[in-house]
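Let me give you the structure first, and then I'll get to my questions.
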Amino acid sequence: SNAEYMGTPISASPLLSFLAFAPLPSSAMSRAHLSVSQLSTICPFLKKYAANATVEALEPFSHMCPVVQQLQNSAEPQKWAVAGKVSCSCYPSGIPADGCASHAAPMSHAVPKESSRPAQFSAVPAAEKARPVPAPFPAFPRNAAMQNPLKPVSIAPLPESHLPNYNNIFKGAIDKLHQEGRYRVFINIQREAGNFPTAVRHVDGKRVPVTVWCSNDYLGMGQHPKVVQAGQQAIAEAGAGAGGTRNISGTMNYHVLLEKELADLHKKEAALIFTSGFVANEAALSTIAQLLPGCVIFSDSQNHSSMIQGIKAGRSEKKIFKHNNVQHLEQLLRDTDPAVPKLIAFESVYSMSGSIAPIEKICDLAKEYNALTYIDEVHSVGLYGKRGGGIAERDGLLDRLDVVSGTLAKAYGVFGGYIAASNHLVDCVRSFAPGFIFTTSPPPSISAAALASVRHLKESNVERERHQERAATLKKMMVNAGLPVILNNSHIVPVFVGDARKCKAASDLLLTRHNIYVQPINYPTVARGEERLRFTPSPVHTDAMMDHLVASLKDVWRTLELPSLTQFEERPQPITS
């Protein structure tokens with residue numbers, strides 16, 4: 001503090017008493033060599049930041065810290081109190097012992113008599129008695145710093161070579177990505193409403209037609225007439241934006257209806273929508289962890305980044321189990337204190353490998369060890385189950401899961417994310433999660449379009465059935481062509497490459513030579529050495545499009561000399577550990 005130690009006048013602090021009466025260094029000692037190491041054992045600031053500093057180096061802090069100021073006085077004998085006077089900015093040659101009129105009273109500048117010193121300090125070496133004694137530090141008021149404007153401190157500028165070059169730091173980080181072959185290039189495309197999966201690529205002022213093979217609009221619902229019409233009508237009725245956070249004028253009837261529809265989809269008491277699936281996971285997991293004292297989270301090793309960030313933000317203990325390995329999960333549960341809260345976080349469909357979680361076995365372990373379950377159904381809602389409730393609905397396990405997170409931006413083709421759970425849990429996330437509280441709510445057009453999409457896919461299975469057939473057909477065609485498909489039981493079609501540079505080169509060739517758009521999947525989305533191309537066939541990808549894709553892949557594989565299926569001793573499989 002500038003003026004007091006926890007309400008105690010500075011002059012009364014033990015440290016300043018020590019400074020006032022302790023033997024001082026000889027006058028021959030230079031200020032530049034005056035060590036503060038002895039005082040650093042008493043003062044927390046000096047101990048942490050300046051244990052090896054000199055008084056000269058600490059000069060810029062003297063106006064803030066009484067300890068440093070007293071050190072400055074100790075190092076400048078010519079400014080010590082002499083014959084009942086002490087130096088002051090108002091009186092350079094010394095002021096009367098009764099104080100300075102320009103400073104707030106009371107101020108004791110008078111030099112204490114030797115007899116007033118504590119007994120333990122009465123024995124002063126003869127060599128030191130000849131030296132003037134520094135005055136005790138005054139207990140000046142809290143606003144003393146304002147009453148005494150700071151004296152400008154002259155600090156020699158550092159050489160430019162010693163200063164951080166921010167642009168070089170940022171440039172170096174990007175250069176490293178280029179060197180590793182995993183710099184991400186955004187392809188400028190424009191989807192054509194009603195003509196998905198074709199799009200137009202903007203390049204050098206030209207419009208080049210492409211076929212999109214990597215969209216997460218799995219069912220093409222982003223261009224479904226019902227969805228488009230609902231969004232347009234909401235804009236006409238309510239305008240473009242929501243106008244605020246959910247708490248401040250931003251809750252509209254579109255939001256309320258959508259949350260009721262999502263709660264019903266997953267057979268839960270309540271649901272809560274967010275601006276993205278990432279935000280939903282991050283906000284919900286961090287809030288749940290913080291509300292459960294001593295919570296331990298068990299996380300699948302291949303969980304999405306949003307789940308990892310949410311777990312980190314929750315600051316709870318985490319234990320990572322091998323991917324889809326229930327034996328390892330049980331071992332970790334068994335080794336954990338039965339009395340502490342526990343939560344198992346996992347996905348239903350893992351988007352980069354296409355593997356599906358053993359949900360029922362995980363639920364069995366959760367029941368046995370009294371753990372909550374948190375399942376991310378982002379890549380399965382709308383795609384699986386009789387009404388699109390995901391893998392859990394397909395397998396009849398909706399009632400065994402505590403929290404379900406999903407997205408409105410993939411199978412539903414719109415935008416946003418959500419969670420569904422019990423009333424109390426959802427209300428806690430609504431009330432405590434900063435990621436929900438402090439952000440503007442989704443626009444009415446987005447919520448209305450998502451509502452129309454959810455309602456349609458609850459009633460229609462045509463899109464889901466066609467989607468599954470298209471994915472299975474493409475996998476079969478690729479296998480027959482000798483391409484290294486990573487086989488799985490889901491709709492994801494990953495083709496293994498195993499090298500970041502070659503993966504990017506394959507993507508570029510497909511785009512520039514064959515007008516096929518598929519993004520390379522590199523680290524950190526997948527581990528190094530597991531780079532791949534990830535294809536997402538939709539109900540509207542035709543046989544002709546698939547034939548063209550397979551022929552183009554074979555051409556690129558030959559050009560880049562990439563490994564074919566026959567060059568592997570075993571067919572690439574989803575990662576299991």
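The values are calculated or read from the model by the stated rules, or taken from the named source; none is laboratory data. Note that this is a predicted model, so its numbers are computed, not measured. No Cβ is skipped: glycine too gets one built from the backbone with ideal geometry, and neighbour counts run over all protein chains shown. The area values use the complete protein model at the heavy-atom level, side chains included, leaving out ligands, DNA and RNA. Shrake-Rupley method; radii C 1.70, N 1.55, O 1.52, S 1.80 Å.
Tell me whether the range 334-478 comes out rounded, prolate or oblate; compute the Cα gyration tensor, take square roots of the eigenvalues as a ≥ b ≥ c, and use a/c under 1.5 as the rounded threshold.
oblate
Let me ask something else. Keeping all protein chains in place, calculate the accessible area per residue for the range 323-448 (probe 1.4 angstrom), answer in Å².
For the range 323-448, the per-residue accessible area is 36 Å².
Run the dipole for the range 387-487 about the Cα centre, Lys and Arg Cβ at +1, Asp and Glu Cβ at -1, nothing else charged, and hand back the magnitude in debye, nearest 20.
320
While we're looking at this one, here's another question. Please work out the average accessible area per residue across the range 187-278, using the 1.4 Å probe convention, and give it in Å².
Here the residues of the range 187-278 average 49 Å² of exposed surface.
Grab the other residues whose beta carbon is less than 14 angstrom from that of Tyr218, score K and R as +1, D and E as -1, and report the net.
0
How far is the Cα center of the range 161-220 from the Cα center of the range 530-555, in Å?
A separation of 20 Å, based on Cα centres.
Give me the one-decimal nm value for the distance between modelled label points at Ile169 and Asn253, 7 Å along each residue's Cα-to-Cβ direction.
5.2
So, taking all protein chains as they sit and a 1.4 Å probe, how much accessible area belongs to Cys65, in Å² rounded to tens?
Answer for Cys65: close to 30 Å² accessible.
Under 10 °C and 1.306 mPa s, how fast does the range 235-354 diffuse according to Stokes-Einstein, given a Kirkwood radius computed over C-alpha pairs? Answer in µm²/s, whole number.
Details: Rh = 16.5 Å.
Answer from the Stokes-Einstein relation: 96 µm²/s.
Give me the percent of accessible area attributable to carbon and sulfur for the range 447-577, probe 1.4 angstrom.
49
Once amide H atoms are placed 1.01 Å from N in the peptide plane, what residues at a sequence separation of 5 or more from Tyr384, or on another chain, have their amide H within under 5 Å of its amide H?
Gly390
Could I ask something else about it? Which entries of Lys361/Lys458; Lys267/Lys504; Lys361/Lys386; Lys410/Lys476; Lys171/Lys410 show an alpha-carbon separation above 31 angstrom in the structure shown?
Details: Lys361/Lys458 27 Å; Lys267/Lys504 43 Å; Lys361/Lys386 22 Å; Lys410/Lys476 24 Å; Lys171/Lys410 34 Å.
Beyond 31 Å between Cα atoms: Lys267/Lys504; Lys171/Lys410.
As an exercise, use a Förster radius of 41 Å and the Cβ-Cβ distance of Gln290 and Ser161 to find the FRET efficiency, rounded to the nearest 0.05.
Approximately 0.35, to the nearest 0.05.
Within the accessible area of the range 197-326, what % is carbon and sulfur when the probe is 1.4 Å and the other protein chains stay in place?
53
Once amide H atoms are placed 1.01 Å from N in the peptide plane, what residues at a sequence separation of 5 or more from Glu347, or on another chain, have their amide H within under 5 Å of its amide H?
Placed amide hydrogens put Asp376 under 5 Å from Glu347.
Which residues in the range 486-530 have a backbone N closer than 17 Å to a point placed 7 Å from the Cα of Ala544 along the Cα-to-Cβ line?
From the range 486-530, the list is 515-516.
Follow-up. Taking 0.36 nm per residue of separation and subtracting the Cα-Cα distance, what length does fully extending Lys386 through Val185 add?
Gain on stretching Lys386 to Val185: 68.5 nm.
Continuing with this model, one more query. How much length would be gained if the chain were fully extended between His202 and Lys260, taking 0.36 nm per residue of separation minus their Cα-Cα distance, in nm to one decimal?
Details: separation 58, 0.36 × 58 = 20.88 nm, distance 4.04 nm.
Length difference between fully extended and current span is 16.8 nm.
For the range 307-333 and the range 451-481, write down the distance between their C-alpha centroids in whole Å.
Comparing the Cα centres of the range 307-333 and the range 451-481, I get a distance of 32 Å.
By its C-alpha gyration tensor, with a ≥ b ≥ c as the square roots of the eigenvalues, how is the range 178-302 shaped: rounded for a/c under 1.5, else prolate for a/b larger than b/c, else oblate?
oblate
Could you name the aspartates and glutamates in cross-link range of Lys312, using Cα to Cα under 16 Å and dropping any fewer than eight places away on the same chain?
Straight-line reach from Lys312, under 16 Å: Glu282, Asp300.
With label points built 7 Å along Cα→Cβ from the Cα atoms of Lys226 and Arg513, find their separation and express it in nm.
4.3
Dipole of the range 527-568, Cα-centred, from +1 at each Lys and Arg C-beta and -1 at each Asp and Glu C-beta, to the nearest 20 debye?
Magnitude of the dipole: close to 140 debye.
The range 285-418: D in µm²/s via Stokes-Einstein (Kirkwood Rh, Cα pairs, 25 °C, 0.890 mPa s)?
Calculated translational D: 165 µm²/s.
HN-Hα J couplings of the range 473-480 from phi, Karplus 6.51/-1.76/1.60, θ = phi - 60°, integer Hz, Gly and Pro as x?
5, 5, 4, 5, 4, 5, 4, 4
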